[in-house]
1. Which residue pairs have Cβ atoms closer than 7 Å, lie 6 or more positions apart in sequence or on different chains, and pair a first residue in segment 347-368 that is free of Cβ contacts under 8 Å to residues at least 60 places away in the same chain with a second residue that is part of a loop (DSSP other than H, G, I, E, B)?
2. I'd like to check something: does segment 273-289 contain any residue that is assigned to a loop (DSSP other than H, G, I, E, B) and either touching a Cys at 6+ places or on another chain (Cβ under 6 Å) or modelled with pLDDT of 75 or more (or both)?
3. How many residues are part of a strand (DSSP E or B), over 30 Å from the mean Cα position of the chain (by Cα) and of a type in the set (A, V, I, L, M, F, W, C) when one looks only at segment 514-529?
4. How do the helices (runs of 4 or more DSSP H) wholly within segment 112-209 filter down when requiring 1 or more residues that are more than 30 Å from PRO523 (Cβ to Cβ) and over 21 Å from the mean Cα position of the chain (by Cα): which remain?
5. Can you tell me which of (1) assigned to a helix (DSSP H, G or I); (2) touching a residue at least 60 places away in the same chain (Cβ under 8 Å) is the one ASP220 doesn't meet?
6. Return the pairs, sorted by first residue and then second, in which the second residue is surrounded by 12 or more Cβ atoms within 10 Å (Cβ to Cβ) and polar (S, T, N, Q), the first residue lies in segment 295-318 and is touching a residue at least 24 places away in the same chain (Cβ under 8 Å) and under 12 Å from ASP220 (Cα atoms), the beta carbons are less than 8 Å apart, and the residues are 6+ apart or on different chains.
7. Consider ILE387 carefully, then state whether it is within 23 Å of TYR429 (Cβ to Cβ) and touching a strand residue (DSSP E or B) at 6+ places or on another chain (Cβ under 9 Å).
8. How many residues are under 30 Å from GLU181 (Cα atoms) and either touching a residue at least 60 places away in the same chain (Cβ under 8 Å) or not assigned by TED's automatic domain parsing to the domain that holds LYS170 (or both) when one looks only at segment 438-471?
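The values are calculated or read from the model by the stated rules, or taken from the named source; none is laboratory data. Not measured: the values here are computed from a predicted model. Cβ placement follows ideal geometry from the backbone for every residue including glycine, while neighbour counts extend to all protein chains displayed.
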Amino acid sequence: MRSLVDLSEQVSLLSATSKLRLSKLRLDDLYDLFNVQLFTTIALGFVAYRIGLVIYRLYFHPLAHFPGPKLAAATTLYRAYWQVWQDGEHVAQFTRLHDQYGPVVRVAPHTVHFRNPQAFEDIFKFNSKLTKAEDFYDHLGQGDALFGLVDEAAHKQRFKPAADLFSRKKAMEFETFIVKESERFSNLLMSRIARDPRPVNIARAYRAVALDVIQDFTFDFVPHHLRGLQDDNFHSIYTHTTWDVMDWTAYCFRNWPLALSFSNQLPQWLRKHMFPGEAANIESFDTIQQLVKDNKAVGPNWSRDSLLSRMADKTTLAQLTSECQGTMFGGVINMANMLPYGAFCVSQDPALQERLFRELEAAWPDPNSPAPSFEELSQLPILKGVIQESLRLMHGIIVGPPRLTPAQGAVIDGYPVPGNMIVSTSSLYVHTNPAVFPEPEKFNPSRWDNPTPEMEKSVVPFSKGKRMCPGKQISIMELFIVQAYTFRKFHLVPYNTTFEDFKWKVYVSLHFKGRFFRANMTPRPGVKMGAI
């Protein structure tokens with residue numbers, strides 16, 4: 001009898017256990033089903049949102065009536081493809097779109113791009129109500145620097161302590177530093193030629209002298225190991241950094257802002273591995289920040305006027321570092337395009353090089369004496385033509401940069417653009433306007449023998465308006481003086497370099513695709529090497 005009771009109890013226990021397991025199984029199934037349904041709902045909701053967004057952008061968006069590829073109107077992936085996957089080919093692609101669609105093209109959901117030179121005037125004129133497009137400056141990591149400040153009042157306040165440093169008067173005072181670095185540049189070239197007769201990487205030498213000129217402007221002092229003109233190999237951390245920092249990484253951050261936030265959370269070693277341009281950016285920021293600290297340690301007993309001495313007490317360390325970094329890169333990148341390109345164009349044309357040398361020889365009979373002043377050099381017609389063509393065909397900040405229309409909208413090149421939309425164009429279209437520059441792609445210094453007012457105002461590598469590059473005067477002085485030293489003291493013959501090497505892609509400014517410009521260099525008669 002007892003065994004029957006035990007058996008009954010076991011059956012009851014088994015039944016209860018089974019019910020419990022069944023209940024738990026059902027709860028698990030319900031939980032899994034809920035998760036599946038939740039995921040499906042979210043996924044379908046996201047898909048529906050994206051479809052709705054695409055329909056809105058294509059047919060109901062304020063820019064829907066502007067022509068352009070449907071994909072560009074629907075998503076920024078179109079722009080990202082040409083910027084990231086095609087590695088800086090977006091300006092070339094936008095030009096092809098203008099050939100297809102006309103003078104105004106919608107190139108992104110909220111962006112229209114203009115081709116006619118009048119658009120450049122309308123966007124960047126001095127009294128323009130358009131403001132800087134924030135997303136463009138954020139991806140460059142310059143949001144804290146003058147270059148990236150969107151708010152006009154904040155920019156004016158920040159710029160005020162240093163404003164007159166960019167005046168013509170102050171620029172003329174800075175001429176002695178440009179001459180000093182140009183002298184060292186030519187002496188190091190003499191040393192290199194005497195030591196090693198092989199071709200010189202003149203592109204790297206130009207980058208080195210541009211670096212030292214802008215460092216003289218920015219800092220009170222710079223240690224020798226951070227100089228560009230350290231030795232006659234022209235190797236330094238920054239001659240490489242200012243090249244390496246320009247790559248597709250910034251475009252990745254612009255098109256996927258979360259990638260920038262993600263990158264900022266990673267260890268530095270991993271960031272450097274994943275985003276090559278970030279490696280150069282991080283290293284330069286850290287080095288410049290230490291240089292800023294070292295310079296500030298001697299303040300307020302500054303040895304001379306510099307950007308750092310003007311702004312040291314008005315900004316935080318991070319802001320000051322960003323300011324110095326932005327100024328340095330801005331002062332190198334375009335000079336390192338214009339100087340070698342101009343030198344190549346002159347040196348590959350023996351007749352032009354000889355005429356330029358004779359002009360410089362007449363103005364500077366003794367090459368071992370002090371160089372003529374910038375005022376004198378700027379009056380030499382052939383040299384002036386070379387500089388103007390270098391400025392025109394290297395384009396400066398070729399991407400525009402983009403601007404945001406005010407709430408009430410704006411009229412650009414005769415086209416009404418709604419408010420809070422991005423408009424952009426390129427200096428390329430101003431510089432290659434055949435109505436102003438016949439055979440616009442040709443490097444032709446003689447076109448500047450009798451320039452028209454329209455030609456003069458159509459060279460805009462520094463942009464124009466209130467937010468144009470303030471370093472224009474210093475940059476032009478540098479071009480004249482450095483090229484005067486180059487072609488008065490040396491004869492150049494290009495080595496393994498052709499015009500193909502100067503084809504470019506775009507990372508804000510131009511970035512050459514080909515080999516660095518190298519040349520066989522011979523000192524001109526009577527030129528002696530000075531102290532290094």
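1. So the pair list comes out as GLU359/LEU380; ALA363/PRO372; ALA363/LEU380.
2. no
3. 1
4. In segment 112-209, the matching helices (runs of 4 or more DSSP H) lie at 117-124, 152-159, 168-173.
5. Every listed condition holds for ASP220 apart from (1).
6. Pairs found: GLY299/SER309; TRP302/SER309; SER306/THR218; LEU307/THR218; LEU307/THR327; LEU308/THR218; LEU308/ASN295.
7. Taking the combined requirement at face value, the residue does not satisfy it.
8. 16
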